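Below is one structure, written out as structure tokens; the observations come after it.
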Amino acid sequence: MAATTWLVVGRALRPVERIRTEVERISGSSLERRVPVPAGKDEIGRLARTMNQMLGRLQAASDRQQQFVADASHELRSPVASLRQAAEVAQAHPGALPEGELAATVGEEALRMQVLVDQLLVLARAGEGAPGLQRTDVDVDDLVLLHTRRGVEPSAEIDTTGVGPGRVHGDAVALAQVVRNLLDNAVRHADRRVVVGVRQQPDGVVLTVEDDGPGVPVAERERVFERFRRLDDARSRDAGGSGLGLAIVREVVATHGGSVELDSSPLGGARFVVRLPG
């Protein structure tokens, strides 16, 4: 009886041992490996499939992190190279640069790096989840009107007649970044007009930002929210953009439990719809 029990239990636990052996071989550089899945549909089989799903999620997260670091490094190389080039020219050929050009170059490129670093910090903070937010009652309509008044002189007319009262419970700084990024994006790509709307609903606030620009093709509407993603036409029109603005919008809105959608505007361009819970 003891021998029979030993054989039966050993055979039943053999798949567990194979799973354990494979898991022991998996490291941070080999997340593509998967544990063997037994043919049966018992608990061990479900355990193996669950572990493979977990490994898939870990691999996807690792790939995104590596791509993010590579993209961030690439974006930072440009202003650093400009600063180094200007400094080397000024050092090797004193007086070659017009008066004030070196200071202007340093100031411009330093501002680019500061904007990029600030955006990276916003993304990192949003990625930490809701505990990192300082939640208070925020009037979204005030954020829209404030940015419209304080923003850089727009190249398009901003219509705020559709902005009504709208209050949510969230992080004022993060939500201000959402409003600023959406408005800046719309102004950059609009031909003549940007229309903004805010309305209170029973379950929260809806913020819409639309423009009369070229719009975004249907196939690209999900990709524009990826980090450092810039469409070819947007890249030529948006000189110096980091490609993080819409990624920040999605991250911050998701952290607040909301959603953001992109579709076509009756004006002919893009229409962003942000829904924030109350």
Quiz item: Summing Lys, Arg as +1 and Asp, Glu as -1, what charge do residues with Cβ under 12 Å from the Cβ of V16 carry, V16 excluded?
Solution: 0
Quiz item: With every protein chain left in place, what is the accessible area of E24 in Å² (1.4 Å probe, nearest 10)?
Solution: 130
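What is the sum of charges, Lys and Arg at +1 and Asp and Glu at -1, for the other residues whose Cβ falls under 9 Å from the Cβ of R221? Kindly include the intermediate steps, with their values, before the conclusion.
On the way: positive: R223; negative: E220, E222, E261, D263.
With Lys, Arg at +1 and Asp, Glu at -1, the net is -3.
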Quiz item: Accessible area per residue, 1.4 Å probe, Å², for the chain: what's the number?
Solution: 59
Self-check item: Solvent-accessible surface (1.4 angstrom probe) belonging to T161, in square angstrom, nearest 10
Solution: 120
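Please get the size of the charge dipole for the stretch 8-66, origin at its Cα centre, with Cβ charges of +1 on Lys and Arg and -1 on Asp and Glu, quoted in debye to the nearest 20.
Values: 12 positive and 7 negative charges, 25 e Å.
About 120 debye.
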Quiz prompt | Net charge of neighbours whose Cβ lies under 12 Å from the Cβ of V194, counting Lys and Arg as +1 and Asp and Glu as -1 | solution = -3
Quiz item: Which residues' amide hydrogens lie under 5 Å from the amide hydrogen of V205, considering only partners 5 or more residues apart or on another chain, with H built in the peptide plane?
Solution: L276, G278
Exercise. Putting +1 on Lys and Arg Cβ atoms and -1 on Asp and Glu Cβ atoms, find which of S73, L175, Q59 reaches farthest to the positive end of the dipole of the chain.
Key: Q59
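Tell me which DSSP H helices of the chain clear both cut-offs, 24 Å or more of axial length from alpha-carbon atoms and a mean Kyte-Doolittle hydropathy of at least -1.0. Display every interim value, and only then the final one.
Numbers: long enough: 2-25 (33 Å, -0.15); 43-92 (72 Å, -0.43); 101-127 (39 Å, 0.70); 172-189 (26 Å, 0.51).
Membrane-span-like by this criterion, though nothing is claimed about a membrane: 2-25, 43-92, 101-127, 172-189.
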Exercise. Please give the solvent-accessible surface of H169 in Å², to the nearest 10, using a probe radius of 1.4 Å with every protein chain present.
Key: 90
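Rounded to a whole number, what % of the accessible area of the chain do carbon and sulfur atoms account for, probe 1.4 Å?
Values: 9040 of 16520 Å².
So the carbon and sulfur contribution to the accessible surface is 55 percent.
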Quiz prompt | Label selected from (i) 22.9, 76; (ii) 25.8, 97; (iii) 20.7, 62, the criterion being Rg and Dmax of the Cα atoms in Å as computed here | solution = (ii)
Exercise. Only Lys, Arg, Asp and Glu count, each charged at its Cβ (+1, +1, -1, -1), so figure out the dipole size of the chain about its Cα centre, rounded to 20 debye.
Key: 1500
Self-check item: Exposure ranking of R49, R25 by accessible area [1.4 Å probe, largest first]
Solution: R25, R49
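The values are calculated or read from the model by the stated rules, or taken from the named source; none is laboratory data. Since this is a predicted model, take the numbers as computed values, not measurements. Methodologically, a virtual Cβ is constructed for each residue, glycine included, from the backbone with ideal geometry; neighbour enumeration extends over all protein chains shown. Remember, those area values only see protein heavy atoms, side chains included, never the ligands or the DNA or RNA. Shrake-Rupley method; radii C 1.70, N 1.55, O 1.52, S 1.80 Å.
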